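Colleague: Below you'll find the structure I mean.
The values are calculated or read from the model by the stated rules, or taken from the named source; none is laboratory data. This structure is a prediction, so every number in the text was calculated from the model and none was measured. FYI the Cβ positions are ideal-geometry reconstructions off the backbone, even for glycines, and counts take in every protein chain you see. The area values use the complete protein model at the heavy-atom level, side chains included, leaving out ligands, DNA and RNA. Shrake-Rupley method; radii C 1.70, N 1.55, O 1.52, S 1.80 Å.
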Amino acid sequence: MSHHNVKSTFVLGGARSGKSRFAENLAQNSGLERHYIATGRAWDDEMRARIAQHKHDRGPLWTTHEEPLALADTLKRIDAPSRVVLVDCLTLWLTNLMMEETCDIKAESAALAALLPQLSASVILVSNEVGLGIVPENKMAREFRDHAGRLHQMIAAEVADVYFVAAGLPLKMKG
Amino acid sequence: MSHHNVKSTFVLGGARSGKSRFAENLAQNSGLERHYIATGRAWDDEMRARIAQHKHDRGPLWTTHEEPLALADTLKRIDAPSRVVLVDCLTLWLTNLMMEETCDIKAESAALAALLPQLSASVILVSNEVGLGIVPENKMAREFRDHAGRLHQMIAAEVADVYFVAAGLPLKMKG
Amino acid sequence: MSHHNVKSTFVLGGARSGKSRFAENLAQNSGLERHYIATGRAWDDEMRARIAQHKHDRGPLWTTHEEPLALADTLKRIDAPSRVVLVDCLTLWLTNLMMEETCDIKAESAALAALLPQLSASVILVSNEVGLGIVPENKMAREFRDHAGRLHQMIAAEVADVYFVAAGLPLKMKG
């Protein structure tokens, strides 16, 4: 009778680590109706090309929702027990939030984490680990990795399973 | 009859990975008298705010020692079997050493690692992994991550337990 | 009767993580005739010093082949079941490929990965994980970590064992 959603999963990994493909395979293997929330904003050609490539790679069995900011609202709106919802990725969502002038990112992060146990869909959240390099010289980059690290801790605390992906291989951290 | 201090622990993790909180929980759970060596130097407002916040978060049950350079001497001075000593963090200590003109960092690193098995206190050392990003363009940053990587290897070889922390979750690497 | 080379190993780690020493110990413990393919190019004093130091550290029991580009050809040429071949490292090889104007890096990466199961030597490949820091501002650095991430996934899929090394400690990801 726990309210904890035992099917929620957090997939953390580096750039080009295979984390998205691993998350997509988890979603596919669930047998549920697949929904995809793309948080990336197509604000330049490099980004536009990546988004289009990813959409093409996923194929037609996915329903895609593009949502750069209102992630919690979108999760609530499309929530259903028959669905698996893949959010890719949290670091792009954070990037978008940081560009909003009046956004309280800690509050948004806490609200997203608090929502997860209340959803009936299986939710898989993907994010980039960005805190394992040299301290960035750029102040905004330092703030970004602080926001990302805090969000990752909050999300990891609320989900059932956490994987760290490197070189396409998952390492189970929780679950 | 081993001289090896079986209670020493090395906690390695990224920025905002939850490594300090994990280390503080280890210290608290030891039931020993808690001492904290803060190696960070309050050389600007951003740093001063972080140090003050950390001190406030730890609460009144900790005795705090601020020591930017003479880490080994401080460990020897406060050493006692009734104590757990948390060093947070080694990368800030390295940063301070690099600002000293006449410092032999390899020798200092080796001396710290060699001291650990001789202490009677339970020692928990926290450090930032900084070597998993792109090679920095800045030469001093490259030297810094070389120093950090070498120090981490030396420390990991001397302690009983090593944890890698990501998203607040510990992964045991040794012990 | 599998064509899969069960002795091949991929060692991934950060800068100064101890990954090369770990790989060298694997090679030494194999009891096989040791060959070393150094992919680094001595294009400045810092690099020259590193290469010379590494060669000195390995000692006289190794046959060293310096090969910045034709890695697959070199592996084929020196292949023999009596040998262990250590490739150190893939990220330097990628760096060299990126400096060639007409190189198809995805094709080169795929060709190297496809070659591995066909070799009779025990092959140990070392590489730097570079995708766990902040997104680099430099476009070439972003391309580099994309190439590295893709190559690491391809290599990890073809070898028998994969280790992630941090602070000198191996974490087995596969095998």
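Colleague: I'd like the residues of segment B:123-143 whose 1.4 Å-probe accessible area shrinks by no less than 30 Å² going from the isolated chain to the full set of protein chains.
Modeller: The answer is B:Glu129, B:Val130, B:Gly131, B:Leu132, B:Gly133, B:Ile134, B:Arg142.
Colleague: Please give the FRET efficiency for C:Arg77 paired with A:Arg48, using the beta carbon to beta carbon distance and R0 = 30 Å, rounded to the nearest 0.05.
Modeller: Approximately 0.10, to the nearest 0.05.
Colleague: Hey, another quick one. Build a GNM of chain B with springs between Cα atoms under 10 Å: which of B:Thr91, B:Thr39, B:Thr64 gets the top mean-square fluctuation?
Modeller: In the Gaussian network model the winner is B:Thr64.
Colleague: Next question, about the same structure. Given just the C-alpha atoms of segment B:1-117, how large is their convex hull per residue in cubic angstrom? Display every interim value, and only then the final one.
Modeller: Details: hull volume 13.4 nm³, N = 117.
Considering the Cα atoms of segment B:1-117, their hull volume per residue is 114 Å³.
Colleague: Quote the FRET efficiency, to the nearest 0.05, computed for C:Ser120 versus C:Asn25 with a Förster distance R0 of 30 Å and r equal to the Cβ-Cβ distance.
Modeller: Calculated transfer efficiency: 0.85.
Colleague: Which value in deg cm²/dmol, rounded to the nearest 500, describes the helix-derived mean residue ellipticity at 222 nm for chain A, given -39,500 (n - 2.57) per DSSP H run of n ≥ 4 and division by the residue count?
Modeller: Values: 6 runs with 75 residues, N = 175.
Computed ellipticity for chain A at 222 nm equals -13500 deg cm²/dmol.
Colleague: Taking chain A as a Gaussian network, Cα atoms linked when under 10 Å apart, which of A:Asn128, A:Asn96, A:Asn138 shows the biggest mean-square fluctuation?
Modeller: Comparing A:Asn128, A:Asn96, A:Asn138 in a Gaussian network model of chain A, the most mobile one is A:Asn138.
Colleague: Ignoring ligands, DNA and RNA, what accessible area per residue does segment B:46-139 give at 1.4 Å, in Å²? Mind showing how you got there, number by number?
Modeller: Numbers: 4450 Å² over 94 residues.
For segment B:46-139, the per-residue accessible area is 47 Å².
Colleague: Could you give, in nm with one decimal, how far B:Ser30 is from each other copy of that position, shortest first, with labels 7 Å out from Cα toward Cβ?
Modeller: 4.2, 4.2
Colleague: Would you mind computing, in nm to one decimal, how far apart the modelled labels at A:Leu69 and A:Ala111 are, each placed 7 Å from Cα along Cα→Cβ?
Modeller: Result for the modelled spin labels: 1.1 nm.
Colleague: Around A:Ala166, which amide H atoms from residues at least 5 apart in sequence, or from another chain, sit under 5 Å from its own amide H, with H modelled in the peptide plane?
Modeller: Counting only residues 5 or more places away or on other chains, the set is A:Leu171.
Colleague: Only bridges with both residues in the protein assembly as shown count here: give the DSSP antiparallel percent, nearest 5. Intermediate results must be reported in sequence, preceding the final value.
Modeller: Details: 15 of 92 bridges.
So the antiparallel bridges amount to about 15 percent of the total.
Colleague: Eigenvalues of the Cα gyration tensor times 5, then square-rooted: what semi-axes does that give for segment B:1-69, in whole angstrom, largest first? Kindly include the intermediate steps, with their values, before the conclusion.
Modeller: On the way: eigenvalues 115, 39, 36 Å².
Semi-axis lengths for segment B:1-69 are 24, 14, 13 Å.
Colleague: I'd like the Karplus ³J(HN,Hα) series for segment C:120-127: coefficients 6.51, -1.76, 1.60, θ = phi - 60°, whole numbers in Hz, and an x wherever there's a Gly or Pro.
Modeller: My calculation for segment C:120-127 gives 9, 6, 7, 10, 10, 10, 10, 8 Hz in order.
Colleague: If you don't mind, another one. In peptide A:15-28, what is the residue-averaged number of other protein chain Cβ atoms found within 10 Å of each Cβ? Mind dumping the intermediate values first?
Modeller: Details: counts 14, 12, 6, 6, 2, 0, 1, 0, 0, 0, 0, 0, 0, 0.
Mean shielding by partner chains, rounded to a whole number: 3.
Colleague: List, shortest first and in nm to one decimal, how far the label point of C:Pro81 (7 Å from Cα along Cα→Cβ) is from its counterparts in the other copies.
Modeller: C:Pro81 label point versus its equivalents elsewhere: 5.9, 5.9 nm.
Colleague: Suppose you put the label 7 Å out from Cα in the Cβ direction; list, shortest first and in nm with one decimal, how far B:Ala160 is from each other copy's label.
Modeller: Spacings between copies for this position, smallest first, are 3.6, 3.6 nm.
Colleague: Moving on to the next point. Using modelled amide H (1.01 Å from N, peptide plane; none on Pro or chain starts), what sits under 5 Å from the amide H of A:Lys174, excluding residues fewer than 5 places away?
Modeller: A:Val162
Colleague: Under 19 Å Cα to Cα from B:Lys172, which lysines show up? Leave out anything in the same chain fewer than 8 places away.
Modeller: Filter leaves A:Lys172, A:Lys174, B:Lys7, B:Lys19, C:Lys19, C:Lys172, C:Lys174.
Colleague: Of all the accessible heavy-atom surface of the protein assembly as shown, with the other protein chains kept in place and a 1.4 Å probe, what percent is carbon and sulfur? Don't skip to the end; give the middle numbers.
Modeller: Details: 12460 of 23750 Å².
The nonpolar share, carbon plus sulfur, comes to 52 percent.
Colleague: Can I ask one more? Give the long-range amide H neighbours of A:Ala121: residues separated by 5 or more places, or on another chain, with amide H under 5 Å away, using H modelled in the peptide plane at 1.01 Å from N.
Modeller: HN-HN under 5 Å from A:Ala121: A:Ala80.
Colleague: Could you give the size of the charge dipole of chain C about its Cα centre, using +1 on the Cβ of each K and R and -1 on the Cβ of each D and E, expressed in debye and rounded to the nearest 20? Show your work: numbers first, answer last.
Modeller: Numbers: 20 positive and 21 negative charges, 109 e Å.
For this selection, approximately 520 debye.
Colleague: Once both labels are modelled 7 Å past Cα along the beta-carbon direction, what's the A:Glu100-C:Asp104 spacing in nm?
Modeller: About 4.5 nm, to one decimal.
Colleague: If you take every residue apart from C:Pro68 with its C-beta less than 10 Å away from the C-beta of C:Pro68, what net charge results, scoring Lys and Arg +1 and Asp and Glu -1?
Modeller: On the way: positive: C:Arg41; negative: C:Glu66, C:Glu67, C:Glu100.
Summing Lys and Arg as +1 and Asp and Glu as -1 gives -2.
Colleague: Still on this model: Please list, in order along segment C:61-71, the HN-Hα scalar couplings obtained from phi with the Karplus expression 6.51 cos²θ - 1.76 cosθ + 1.60 (θ = phi - 60°), rounded to whole Hz, x for Gly and Pro.
Modeller: 7, 10, 9, 9, 10, 8, 9, x, 10, 7, 5
Colleague: Using θ = phi - 60° and the Karplus form 6.51 cos²θ - 1.76 cosθ + 1.60, what ³J(HN,Hα) does each residue of segment B:93-102 get, whole Hz, x for Gly and Pro?
Modeller: Once rounded to whole Hz, the list reads 4, 4, 4, 5, 4, 5, 7, 7, 6, 10.
Colleague: Over the protein assembly as shown, consider all pairs of different Cα atoms and compute the Kirkwood hydrodynamic radius from their mean reciprocal separation; express it in Å, one decimal. Intermediate results must be reported in sequence, preceding the final value.
Modeller: Details: mean 1/r = 0.0410 Å⁻¹.
Value: 24.4 Å, from the Cα pair sum.
Colleague: Per residue and in Å³, how big is the convex hull formed by the alpha-carbon atoms of segment A:35-175?
Modeller: Details: hull volume 18.5 nm³, N = 141.
About 131 Å³ per residue, rounded to a whole number.
Colleague: Around B:Leu132, what is the net charge, scoring Lys/Arg as +1 and Asp/Glu as -1 over all other residues with Cβ under 10 Å from its Cβ? Numbers along the way, then the final one.
Modeller: Working: positive: B:Arg145; negative: A:Glu129, B:Glu129, C:Glu129.
Result for the neighbourhood of B:Leu132: -2.
Colleague: Moving to a separate point now. Enter the accessible area of B:Phe22 (Å², nearest 10), with the probe set to 1.4 Å and all protein chains included.
Modeller: 40
Colleague: Computed over the Cα atoms of segment B:119-175, what is the ratio Rg over Rh, Rh following Kirkwood? Before the final figure, lay out the partial values.
Modeller: Numbers: Rg = 13.3 Å, Rh = 13.0 Å.
Rg/Rh for segment B:119-175 comes to 1.03.
Colleague: Along the axis that rotates chain C into chain B, which residue of chain C has the nearest beta-carbon, and what is the gap in whole Å?
Modeller: Nearest to the symmetry axis by Cβ: C:Gly133, 1.
Colleague: Taking the Cα centre of the protein assembly as shown as origin, work out the dipole magnitude from +1 charges on Lys and Arg Cβ and -1 charges on Asp and Glu Cβ, in debye rounded to 20. Intermediate results must be reported in sequence, preceding the final value.
Modeller: Details: 60 positive and 63 negative charges, 281 e Å.
It works out to roughly 1340 debye.
Colleague: Go through segment A:15-69 and name the trypsin sites (Lys or Arg not before Pro) that are in a DSSP coil and have 12 or fewer other Cβ atoms within 10 Å of their Cβ. Could the numbers behind the result be given before it?
Modeller: On the way: sites: A:Arg16, A:Lys19, A:Arg21, A:Arg34, A:Arg41, A:Arg48, A:Arg50, A:Lys55, A:Arg58; in loops: A:Arg16, A:Arg41.
Answer by residue number: there is no such site.
Colleague: Chains C and B: what accessible area do they bury, summed, in square angstrom to the nearest 100, with a 1.4 Å probe? Numbers along the way, then the final one.
Modeller: Details: alone 9630 and 9660 Å², together 17530 Å².
So the buried area, both faces added, is about 1800 Å².
Colleague: So, one more: If exposed means no more than 14 neighbouring beta carbons inside 10 Å and the site is in a DSSP loop, what's the longest run of chain A without any exposed GluC sites (Glu not before Pro)?
Modeller: Longest stretch, sites excluded: A:1-99.
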